[in-house]
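The values are calculated or read from the model by the stated rules, or taken from the named source; none is laboratory data. What you see is a predicted model, and the numbers here were worked out from it, not measured in a lab. FYI the Cβ positions are ideal-geometry reconstructions off the backbone, even for glycines, and counts take in every protein chain you see. Side chains are part of the model used for accessible areas, which takes the heavy atoms of the whole protein and leaves out ligands, DNA and RNA. Shrake-Rupley method; radii C 1.70, N 1.55, O 1.52, S 1.80 Å.
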Amino acid sequence: MSKAIQMTINGRHEIFAVGHSGSRWEIPDEETLCTTLRERLDLTGTKEGCGQGACGACTVLLNDVAVPSCQVLTADCDGANIVTIEGLADPVTGELDLLQKVFVEKYAFQCGFCTPGIIMALKGLFIKNSHPTRKEVEEALAGNLCRCISQYHVFEAAELYAQQLQELQEGGQQ
């Protein structure tokens, strides 16, 4: 017997039937959120790397908390608000989120495979704490593995983002 679950993904209301498979909206009980995002909704910025929650490539925001989506069952997301890397950009203009912009500005990317997960992990941190210490940034990124980008650039991007957030807050724009 199937049950209907509802969630908001990147601002869009989605309904799935859990317990079946066959159509785009009928999913097996054991399907991960990562699989649902990539295969059913074509949100391919969320990458499946290790499939064990250890690499961070599949990190998304689940109710404003950064989580490895390969370790979350879609069936457990009823009522959840999920944001993927695609959901950070402005839905009308397509303009990148400020965090995405500073990653570009500071060259905090290389091949791009793990970059969305790193950005989402940082976004989760900055939602909780707009002025994290370097140690807090390191801890937030501890679950993200990357072989090709310089951590220096990532930390530089995080510092610039914090600075720009503070300027926006002081200017009353946020």
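So that you can scan it fast, the table gives a plain yes or no per residue for (1) closer than 22 Å to His13 by Cα; (2) of a type in the set (Asp, Glu); (3) touching a residue at least 40 places away in the same chain (Cβ under 8 Å):
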site	(1), (2), (3)
Thr93	yes, no, no
Gln100	no, no, no
Val104	no, no, no
Ala121	no, no, yes
His131	no, no, no
Arg147	no, no, no
Tyr161	no, no, yes
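Filtering the range 15-39 to residues that are modelled with pLDDT under 95 and open to solvent by less than 70 Å² (accessible area, probe 1.4 Å) leaves Phe16, Ala17, Val18, Gly19, Ser23, Glu26, Ile27, Pro28.
Name the residues in the range 159-174 that are polar (S, T, N, Q) and either modelled with pLDDT of 85 or more or open to solvent by less than 30 Å² (accessible area, probe 1.4 Å) (or both), would you?
Gln163, Gln164, Gln166, Gln169
Among residues of the range 49-77 that are without any contact (Cβ under 8 Å) to a residue 60 or more places away in the chain, those with a Cβ under 6 angstrom from a residue that is open to solvent by 50 Å² or more (accessible area, probe 1.4 Å) and among the polar types (S, T, N, Q), sequence gap 6+ or separate chain, pair up as Asn63/Asn81. Put simply, of Glu136, Glu156, Glu86 the only residue that is surrounded by fewer than 19 Cβ atoms within 10 Å (Cβ to Cβ), farther than 21 Å from Gly11 by Cβ and modelled with pLDDT of 95 or more is Glu136.
Of the strands (runs of 3 or more DSSP E) lying entirely inside the range 1-113, the ones with 1 or more residues being in contact with a Phe, Trp or Tyr (Cβ under 6 Å, 6 or more places away or on another chain) are found at 3-9, 12-18.
For residues that are within 15 Å of the chain's Cα centre (by Cα) and of a type in the set (Gly, Ala, Ser), scanning just the range 41-53, find the one that is farthest from Leu145 (Cα to Cα). Per the criteria, the residue is Gly45.
Counting residues in the range 150-171 that are in a loop (DSSP other than H, G, I, E, B) and within 21 Å of Thr59 (Cα to Cα) gives one or more.
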